Structures are given as C-alpha cells and as structure tokens.
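**Student:** Please read through the structure below; I'll follow up with questions.
Values quoted throughout were computed directly from the atomic coordinates according to the rules given, and no laboratory measurement underlies them. Not measured: the values here are computed from a predicted model. Neighbour counts are summed over all protein chains in view; Cβ atoms, including those assigned to glycine, are modelled from backbone coordinates with ideal geometry.
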Amino acid sequence: MLSERIGIDDIDCKIMELIQKEPNLTHTEIAGRVNRSQPTIGMRVKKLEKLGILKYQAGINIKVADLLFARVDILTKNPNKIFDIVRHCPFMLTAFRLSGNNNISIIIAGLSLKDLDHVINHHLRGNPEISNVHMDIIEDVVEDFVLPIDLNFDFSRIELENSCCGNCEF
Ligand SMILES: [Zn+2]
C-alpha cells in the first residue's frame, strides 16, 4: 500500500483523499465522513502538514492559463547551478533532476515562443557545462497542474532587454 510506504494510516489516507477531492471541506465535515471527532481531524491534518506530506499548492494552472509552457531537457555537469537559476528566473517554474541521457528537465513559461527561446538562449545554450538542450512545447495536461509563478514580474519586459529578467544573472 502506498499509505504504508509514506508512513500514514488508513484514517490519514481517507482524510487526504477527501482534502484532495474537496479542498474546501471543514474539519467538522471531514470528521463526519471518517467517523472521528473534529479535534482528531485537526490533529491529524496538522501532523500531515508538519510531515510535509500534505501540501496546498497555489499558483498558475498550466491546464488553463493562456501562456506558453514548455519542457526543456538538458544534460549538465552542474545540476545544482541549474536549480539555482530556476529558483531565480521568473520564466522557469520548476525543474526535475533525472536519471538518463538528460539530467534536468525544466518547466518554463512565457508569452511567446520567441520569449522561451530567449530565456533558453540566455541561460542554457552556449553554457559550456551544458551539452544538450532540447525544448518541447507542452500542449495539454491530463489534470489541473498548478505551479507558483511570479505575477509581479512583467513578462513582456523581455522584449526590451538582452539579458533575461535582470534578477536571474548567473
Ligand atoms: Zn532568467
């Protein structure tokens, strides 16, 4: 069972299932559905949150947002440095470390293909530590896929600058 693997019991499992399907349920409502008291639910939810197993993600929904999203796979000698760039670059939403021919996969967002190209050129192409850069546009996602994005950053500014965003220089 997956629940055993991540170290939670059946009740925790039911609580998480309910929250995932209906995030707005109150603890009292959850209590009614799993036959436990409301304080028990409160304690269990707090425990799951503290463990980091239960997380609430707010951000932009890639499934519906009218932006261009792409996955960029690279092979780099210095994955930590790429993670640093991803943390600072507003166009880069997240990255995965992989085993295989490419060792990092980055999710990037922009207003146009030209913008995405610009970001990739600035940060990745021509970097001597990176030997392989491959971009695919994300055309659809099965379910809602939510990632935090810096909405204060003016994404159209990229047209005006030769660098990326000004705060992601590495
Ligand atoms: Zn950048």
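**Student:** For the chain, please report how many Lys pairs fall under 18 Å Cα to Cα, leaving out neighbours fewer than 8 apart on the same chain. List each step's numbers first, then the result.
**Tutor:** Details: Lys14/Lys46; Lys14/Lys47; Lys14/Lys50; Lys14/Lys55; Lys21/Lys55; Lys21/Lys63; Lys46/Lys55; Lys47/Lys55.
Counting lysine pairs in the chain gives 8.
**Student:** Which of the peptides 150-156, 8-14, 119-125, 71-77 is most tightly packed, and how do the rest follow, judged by the mean count of other Cβ atoms within 10 Å per residue? Could you put the intermediate results ahead of the total?
**Tutor:** Values: 150-156: 12.1, 8-14: 15.7, 119-125: 20.0, 71-77: 18.0.
So the order, starting with the most tightly packed, is 119-125, 71-77, 8-14, 150-156.
**Student:** Report the extension gain between Gln38 and Val141 in nm, rounded to one decimal, defined as 0.36 nm multiplied by the number of residues separating them, less their alpha carbon distance. It would help to have the intermediate numbers written out before the result.
**Tutor:** On the way: separation 103, 0.36 × 103 = 37.08 nm, distance 3.59 nm.
Length gained, Gln38 through Val141: 33.5 nm.
**Student:** On to the next question. Taking only Cα atoms, what is the 0 to 90° angle, nearest 10, from helix 10-21's long axis to the longest principal axis of the chain?
**Tutor:** With both axes taken from Cα atoms, the answer is about 50 degrees.
**Student:** Quote to one decimal, in nm, the extra length available between Asn24 and His134 on full extension: 0.36 nm per residue of separation minus the C-alpha distance between them. Present the calculation step by step, with values, prior to reporting the outcome.
**Tutor:** Details: separation 110, 0.36 × 110 = 39.60 nm, distance 3.96 nm.
Additional length available on full extension: 35.6 nm.
**Student:** Here's another thing I want to ask about it. How far, in degrees from 0 to 90, does helix 113-123 lean away from the longest principal axis of the Cα atoms of the chain, to the nearest 10?
**Tutor:** Once rounded, the angle reads 80 degrees.
**Student:** Using the alpha-carbon atoms, what tilt in degrees (0 to 90, nearest 10) does helix 38-51 show relative to the longest principal axis of the chain?
**Tutor:** Rounded to the nearest ten degrees, it is 30.
**Student:** Could you work out how far apart the two model spin labels at Leu67 and Asp150 are, taking each label as a point 7 Å from the Cα in the direction of the beta carbon, and quote it in nm?
**Tutor:** 1.2 nm
**Student:** Work out Dmax and Rg for the range 2-51 from the C-alpha atoms and quote the Rg first, both in angstrom.
**Tutor:** Expressed in Å, the Cα Rg and Dmax of the range 2-51 come to 10.1, 28.
**Student:** In vacuum, with every alpha carbon of the chain counted as one equal point scatterer, what does the Debye formula give for log10 I(q)/I(0) at q = 0.14 Å⁻¹? Two decimals, please.
**Tutor:** Per q value, in the given order, log10 I(q)/I(0) is -0.84.
**Student:** As a test of the formula, what do you get for the chain when each DSSP H run with n ≥ 4 contributes -39,500 (n - 2.57) and the sum is divided by the residue count, at 222 nm and rounded to the nearest 500 deg cm²/dmol? Present the calculation step by step, with values, prior to reporting the outcome.
**Tutor:** Details: 6 runs with 59 residues, N = 170.
So the calculated ellipticity at 222 nm is -10000 deg cm²/dmol.
**Student:** Could you work out the equivalent-ellipsoid semi-axes for the range 69-159, taking the square root of 5 times each eigenvalue of the Cα gyration tensor, largest first, in whole Å?
**Tutor:** Values for the range 69-159, descending: 20, 16, 13 Å.
**Student:** Right, next: Could you check which residue among Glu139, Glu49, Glu129 shows the biggest mean-square fluctuation in a GNM of the chain with a 10 Å Cα cutoff?
**Tutor:** With Cα springs under 10 Å in the chain, the top fluctuation among Glu139, Glu49, Glu129 is at Glu49.
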